[in-house]
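What follows is a set of notes on a single structure, which appears directly below.
The values are calculated or read from the model by the stated rules, or taken from the named source; none is laboratory data. Just so it is clear, the model here is predicted, and its values are computed rather than measured. Here the Cβ positions follow ideal geometry from the backbone for every residue, glycine too, while neighbour counts run over all protein chains shown. Accessible surface is based on the protein model in full, side chains and every heavy atom, while ligands, DNA and RNA are left aside. Shrake-Rupley method; radii C 1.70, N 1.55, O 1.52, S 1.80 Å.
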Amino acid sequence: MPSDRRMFLGAGLGVTAALASHASGLTTSAQAASSDGPPLPANVHLEPEVRAAAAHDFGRLIHKQPRGVLRPASSADIASLMRWAKDRDVKVAARGQGHSIYGRSLTENGIVVDMSAMNAIRDVRYDRVVVDAGATWRDLLDATLAQGLTPPVLTNYLGLSVGGTIAVGGIGAMSSRHGMQTDNVIALEVVTGDGNVLSCSATANPDLFDAVRAGLGQCGIVTRATLRLVRAPERIRRFQLFYRDLPSLLADQRRMLTEGRFEQLQGAVLPDGSGGWRYQLDGAISYGSGSAPDDKAVLSGLSDERGAAVIADLSYREDTLAFGKFENLLRSKGQWSNPQPWFLTFLRGSNAERVADDILAGLKGDAVGPFGRITLYPLLTRAFHTPLVRLPKEDMFFVFNLIRIPASNDAPAAERMVADNRRLYDRIREAGGVQYPVGAFAMSPGDWEVHFGSSWPQLREAKRRYDPQHLLAPGYNVF
Ligand SMILES: Cc1cc2nc3c(=O)[nH]c(=O)nc-3n(C[C@H](O)[C@H](O)[C@H](O)COP(=O)(O)OP(=O)(O)OC[C@H]3O[C@@H](n4cnc5c(N)ncnc54)[C@H](O)[C@@H]3O)c2cc1C
């Protein structure tokens, strides 16, 4: 048995005994044979370095040490882990790419299921792809683009796993047309908290399908997904427009959204380097050979500072990799691995300007760091259908994200930002907004009940049915 594949075969001996036997050498199949419960799958790792790597996430704000890490080869491995965990009341946290921000993929003394090796892209057809949930969106896109196809909605960052974004929703530049990634899921294979492997879709086990999509991993670990595909555009023309102030940015964003002139519509408020802000609209239109957009028509009647506009043409693939370039920049500056106290919310369309303006006025220049930004753009509620995706109850809402990228590894400063996030959340909630549930601040089970609102009974019932011992996704603190 290779040393990096030492196995946690101590089922029935208790974890302390298994750890002790690991410390003195390899666990043995004799120990497994003496177990009185279901045996652990033969690929739970106990090595300190493997456990340490699963003890933090991208946010680097929370640290929780698991007792072991399962690297499953199949759904059956995960199902047998769940049956083992059920007998011993051990918590289990799925981990895709570990890009959660506030310890959501962590578990203290439980087992982390590292999905990254379950990443096969199985079957690309003209309208759908079957993929293992540990695959990244980047790898999935590479496979589909080879056939001229793409998922309708990609997250801005492609280094996230399919299962990780299905757990929260998955929002991106095409969400104004196609909703969340969870709105584009056709079917799922799921290992439930009580150790069953189930298929679900709108017609098969629909309660599970609705509880798993954007259900914060509470009812099952997604192992395989069938996702919708559409024809990939050849090229993208990207328009960056700059504005003097917030009202003019928001007015043009609203207009562009309702008129549908851009296929992709996003925007941001950025530090201007001297303590103030600059306001940016990001729009994009796809086109094929011989059909480039008419810029004059696209931009007519807008109030941006036209001399500052940046218009660029990219291949579709280049365009999807833009965040990857930003990642490389942050890595080169050592800022990718600093604490990242991000804050992500949706504001009501009717008061977004007032709420955003109030919050911006109260933010100090270093609130988001030199490379951070405040993402701000509108979306139409009618594009979104996933029951557990929570949105303000209006026809239009605004994404409002503080992408805080501190320039240094200053833990007390990051903690202050986390406290500030909670204060801002309370304020936004009072104003009818909701959080996109990936941000950095603590939520109590009571907060989650308020968050899920009218969908709470559905999630609670699904939890009772599919994870009755509350073993799954403890990092969210939902139940
Ligand atoms: C740099 C960066 C960019 C981002 N950009 C976007 C963006 O453009 N759009 C967007 O919507 N979000 C974005 N996010 C947020 C991101 O979608 C979520 O944090 C997502 O959950 C992370 O995916 P992951 O694979 O890293 O999951 P992890 O961090 O590993 O896990 C996160 C949660 O998902 C659960 N989970 C993971 N895999 C599974 C599975 N197979 N089955 C069930 N539950 C599972 C975990 O238990 C955990 O609770 C971004 C985050 C970062 C750090």
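Things worth noting here:
- Restricting segment 262-281 to residues that are touching a Lys or Arg at 6+ places or on another chain (Cβ under 8 Å) and either at positive phi or not in a strand (DSSP E or B) (or both), the residue that is modelled with the lowest pLDDT is 272.
- Selected residue [surrounded by 22 or more Cβ atoms within 10 Å (Cβ to Cβ) and free of Cβ contacts under 8 Å to residues at least 40 places away in the same chain] from 135, 53, 93, 146: 135
Residues are listed down the side, and each one gets a yes or a no for (1) under 20 Å from residue 185 (Cβ atoms); (2) touching a helix residue (DSSP H, G or I) at 6+ places or on another chain (Cβ under 8 Å):
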{"site": "59", "(1), (2)": "no, no"}
{"site": "62", "(1), (2)": "no, yes"}
{"site": "78", "(1), (2)": "yes, no"}
{"site": "87", "(1), (2)": "no, no"}
{"site": "93", "(1), (2)": "no, yes"}
{"site": "117", "(1), (2)": "no, no"}
{"site": "120", "(1), (2)": "yes, no"}
{"site": "137", "(1), (2)": "yes, yes"}
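- Only one of the listed residues (228, 254, 278) is closer than 19 Å to residue 307 by Cα, open to solvent by 60 Å² or more (accessible area, probe 1.4 Å) and more than 16 Å from the ligand (Cβ to nearest atom). That residue is 278.
- Residues (under 30 Å from residue 49 (Cβ atoms), assigned to a loop (DSSP other than H, G, I, E, B) and within 15 Å of the ligand (Cβ to nearest atom)) located in segment 109-161: 110, 118, 119, 120, 133, 134, 135, 157, 158, 159, 160
- Elements of type helices (runs of 4 or more DSSP H) contained in segment 297-411, each with 2 or more residues being outside the structural domain of residue 433 (by TED's automatic domain parsing): none
- With respect to the stated conditions, residue 105 fails to be surrounded by fewer than 20 Cβ atoms within 10 Å (Cβ to Cβ) and within 9 Å of the ligand (Cβ to nearest atom).
- Single unsatisfied condition, residue 268 versus (1) open to solvent by 60 Å² or more (accessible area, probe 1.4 Å); (2) within 15 Å of the ligand (Cβ to nearest atom); (3) of a type in the set (A, V, I, L, M): (1)
- Total residues in segment 180-235 satisfying the condition of being under 20 Å from the mean Cα position of the chain (by Cα), more than 18 Å from residue 455 (Cα to Cα) and assigned to a loop (DSSP other than H, G, I, E, B): the figure is 1.
- If you go through segment 340-361 and pick out every residue that is open to solvent by 10 Å² or more (accessible area, probe 1.4 Å), farther than 15 Å from residue 268 by Cα and under 24 Å from the mean Cα position of the chain (by Cα), you end up with 1.
- Pair list, Cβ under 9 Å, 6 or more apart: segment 322-335 residue in contact (Cβ under 8 Å) with a residue 24 or more places away in the chain and within 15 Å of residue 406 (Cβ to Cβ), other residue more than 11 Å from the ligand (Cβ to nearest atom) and assigned to a helix (DSSP H, G or I): 335/329
- Each residue in segment 349-385 was checked for being of a type in the set (A, V, I, L, M, F, W, C) and within 14 Å of residue 396 (Cα to Cα), and 6 pass.
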